[in-house]
Amino acid sequence: MTVFNRFAPIIRDYIYENGWHELRPVQTRSAEVIFDSEDNLLICSSTASGKTEAVFFPIISSLLTGTPHMSSGGFSVLYIAPLKSLINDQYRRISDLLSLSEIPVTHWHGDVGTSHKKKALKDPRGILQITPESLESMLINRHSDIVSIFGALEFVIIDEMHSMMNADRGLQVLCQISRIESILGRDIRRIGLSATIGDTAVGTKWLSGGSSRETVVLTDEGIKKRWRVATEHFFVHDRSFSRRKAEENAGEKSINTPSNVSIEASGEEIVKEGEKPKSDAGYEFIYKCIRNKSCIVFSNSREETEFATATLRQIAKRQGDPERVLIHHGNLSAALREDAEDKLKQEDDKYTVCATVTLELGIDIGQLERIVQIESPSTVAGFLQRLGRSGRRDAPPEVITVIREEEPLPNAPIGQLIPWSLLRSIAIIKLYTEERFIEPPRHKLIPLSLAFQQILSLLMSDGEMKPSTLAHRILSMPPFENIPRDVLKSLMSFMVEKDFMEKTENGGLIVGLEGEKITSSFKFYAAFKDSEDFTVRSGSEEIGTISSCPPIGERFALAGRAWEIEETDLARRLIYVKPIDGKLEVSWPGDHGEIHTRILEKMRQVLTDSSPLPYLKPNAAARLEEARMLARNAGLGENLIVRLGGDSYCFFPWLGTRAFRTMLRVLGKYAHDLGISAMEHTPYYITFKMRGANEKSFLEKLRRLIRRDGGIDAHSLVGKSESPAFDKYDPYLPSDLLRIAFASDRLDPDEVLTRIFE
């Protein structure tokens, strides 16, 4: 019997109604695993490859024919996703599919009404779609109802799994699954969905943590892929390059690679040869890229997204075009974000949305014609996610990367003369097309912030526990299996000492007074940092949030527009504004993510290579050639250290974020022995003063010092006075434990050793 014939009639009707002529290979293979085994399943296939249908078609078919635990009552499928918008989108899709069946679908997050949730709890059946935070709340506040809520649970689906694997939020999900399984007394089948997991073995280990089931991995390797890509470069202040003819970078040029990806240079000549640039050549180019097309313009920060939106709207207004540029990021109101999503789906009108990572994940946004990326993303995974938002319905994905660089002075140090973002963009493309490389997930070995939260969460849900029972429950959860027992004991003792926990007369543990202050807020349910933002309103419309409250009369930008503050309500954290003309800046604090060492190594290769890249537009090709000439003259292909003149040196370690952070601490530790001072750094290079040495003797002396100490001990690189707090609950933790976690999870001595001794 074919897979199609094993689907329930409503699934077969859905396939017919949507005009599908065949199932994709991943859909067929996924159905076979779900129908014919009891294994966990990890699906790693590209965006828009049909992963959602691959799991829900056979699962829904199984539900309609009955499952072993259906008689228990409760939800049969638990779908966990990282974004409310993704849950809303999937809710609409699955609801349409199941409209003629008796299987209900419930979506559950902070924006869903109470009446909808109460109705679902009266008769919990079918599919529950939920965020990790809402699931945490359910485990705490409805602990006595968990059996009735999840008694029939057969499948746990984790969507966009890659986005959670590197974060406490994903580890929190594993804790939640472990707690549900402990209450039910059985192992639940797990299904992970992702387009960008670089190491499926690591993904398998993460998904199956604490599970006794085997895990089957399905990928789309071997399927021929075709991309259309282009990269162009502009100085923020205009500068004349001697351009090559546009035809050199236009047309159908393809690169066949070992990874079955072919790259075509974007054939459209967007800026004509000899055309006079306007006020900002980079944004004029971007506007020509998006004009009369359905596009997303991705930026790496909310600041750049706001600036891009305002600038593109100004250009449209100047040219007399209708305003079709929208904005989407995490500080905007849900109404504005949903409006942008809905307009992207329209086929008659062409809209462009300027966005951050909030549109990177798998919301169905229709057929986009093009992605524009401002500056290079930090990761290969991020690039692939963004690229995959375009090119649906069998059209090839298309991305145009635009690099805008402050023009360095001719006499600037060599580090400032290198176009780092351009190199990173090229390196990311080459890593995937030539090697199929995607950054592997990096697991935290000692996630103390999450342990702090889960200790309080367990006490809130289960009530009083003996210390040994609580410790056993924590260490039995997969995210905490590497925490040394003495570290956990120290954490629990500290929590009692500071009244986060309280000992009872019976020797048990309950939540203490300080713990109650933390757990009494709904913000406790989240494992990630939250900010005390101020809500911005214009009349009755909610615009979004900003992180601080400027004085009345102050002006700022939000949602791609300029506003002036008319009134503030500090007690309710409200800011009332009126719109004004103009373009202003807004600033949010934030971390733009880690860069993998493989990207830095590939950047070095791109810089010291001489081969042309057909997807580079004229300015980008000229800027790269200029940088390559500089690198050849400086000997960057052979040397890590370059003398800047006098006692000044520049060190290029070509290391990713964690290893670079480690290298800085190694140099700081041995600064006196090495004779270096005045050390400064960017994410790519380190400058310092050094007397009585040269490039060669510096590395030789550093090697001798490391050998003398028997290698690099990460813990010795963390000062005794440091209190390195990064994660949400770190400020509540003792400094000595934070130093242990920092050395374990945020430093990488092995990569430093490899570079120094290569």
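The values are calculated or read from the model by the stated rules, or taken from the named source; none is laboratory data. Please read all numbers here as calculations on a predicted model, not as lab measurements. Cβ placement follows ideal geometry from the backbone for every residue including glycine, while neighbour counts extend to all protein chains displayed. Surface areas here come from the heavy atoms of the whole protein model, side chains and all, with no ligands, DNA or RNA. Shrake-Rupley method; radii C 1.70, N 1.55, O 1.52, S 1.80 Å.
Computed quantities for the displayed model
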| quantity | calculated |
| --- | --- |
| Local electrostatic count at Leu121 - Lys and Arg +1, Asp and Glu -1, tallied over other residues with Cβ under 15 Å | +4 |
| Over the chain, relative contact order from alpha-carbon pairs under 8 Å, at least 6 apart, % | 12 |
| For the chain, alpha-carbon Rg and Dmax in angstrom | 27.4, 84 |
| Ranking by accessible area, most exposed first, for Glu464, Glu341, Glu626 with a 1.4 Å probe | Glu464, Glu626, Glu341 |
| With all protein chains modelled, accessible area of Tyr432 [1.4 Å, Å²] | 10 |
| Long-range HN-HN contacts of Glu398 with modeled amide H, under 5 Å | Arg228, Ile371, Ser390, Gly391 |
| Of all DSSP beta bridges in the chain, antiparallel share, percent nearest 5 | 40 |
| Arg739, Arg691, Arg318, Arg92, reordered so the largest accessible area comes first (probe 1.4 Å) | Arg691, Arg318, Arg92, Arg739 |
| Neighbour cut-off at most 10 other Cβ (10 Å), DSSP loop, trypsin sites (Lys or Arg not before Pro), segment 367-406 | Arg393 |
| Charge context of Lys350, other residues only, Cβ under 13 angstrom, K/R +1, D/E -1 | 0 |
| At R0 = 56 Å, FRET efficiency that the Cβ-Cβ distance of Arg12 and Asp750 yields, to 0.05 | 0.60 |
| Net length gained if the chain between Glu323 and Ile552 were fully extended (0.36 nm per residue, minus Cα distance) | 79.5 nm |
| Tensor-based shape of segment 657-758 (alpha-carbon gyration tensor, a/c under 1.5 rounded, otherwise prolate or oblate) | prolate |
| Per-residue SASA entry for Glu541, accessible area with 1.4 Å probe, Å² rounded to 10 | 90 |
| Cα-derived Rg to Rh of segment 353-409, Kirkwood definition | 1.03 |
| Compactness of segment 399-492 - radius of gyration and Dmax, Cα, Å | 23.9, 68 |
| Separation of the Asp533 and Lys701 label points, Cα + 7 Å toward Cβ, nm | 5.0 |
| Cα gyration tensor shape of segment 10-91, rounded if a/c is under 1.5, else prolate or oblate by comparing a/b with b/c | rounded |
| Segment Asn633-Phe757, extension gain: residue separation times 0.36 nm, minus the distance between their alpha carbons | 42.2 nm |
| Net charge, Gln453 excluded, C-beta distance under 9 Å - Lys, Arg +1, Asp, Glu -1 | -1 |
| Spatial extent of segment 597-724: Rg and Dmax, with the Cα atoms as the point set, Å | 16.9, 52 |
| Accessible surface ranking that places the most exposed of His21, His472 first, with a 1.4 angstrom probe | His21, His472 |
| Between segment 362-415 and segment 631-676, the Cα center-to-center distance that results, in Å | 30 |
| Rounded percent of accessible protein surface that carbon and sulfur make up, the chain, 1.4 Å probe | 48 |
| Chain lengthening between Leu570 and Ser521 when straightened (0.36 nm per residue, less Cα-Cα) | 15.7 nm |
| Sites Asp123 and Asn292, calculated FRET efficiency, Cβ-Cβ separation with R0 60 Å, nearest 0.05 | 0.75 |
| Segment 514-566, relative contact order [Cα under 8 Å, separation at least 6], % | 20 |
| Segment 378-434, relative contact order in percent, only Cα pairs under 8 angstrom and at least six apart counted | 38 |
| Label-point gap, in nm, between Glu347 and Glu407 - each point 7 angstrom along Cα→Cβ | 4.7 |
| Accessible-area value, His143, 1.4 Å probe, nucleic acids and ligands omitted, Å² | 60 |
| Residues of the chain: accessible area per residue with a 1.4 Å probe, Å² | 43 |
| Where labels lie 7 Å past Cα in the beta-carbon direction, separation of Asp96 and Ala334 in nm | 2.1 |
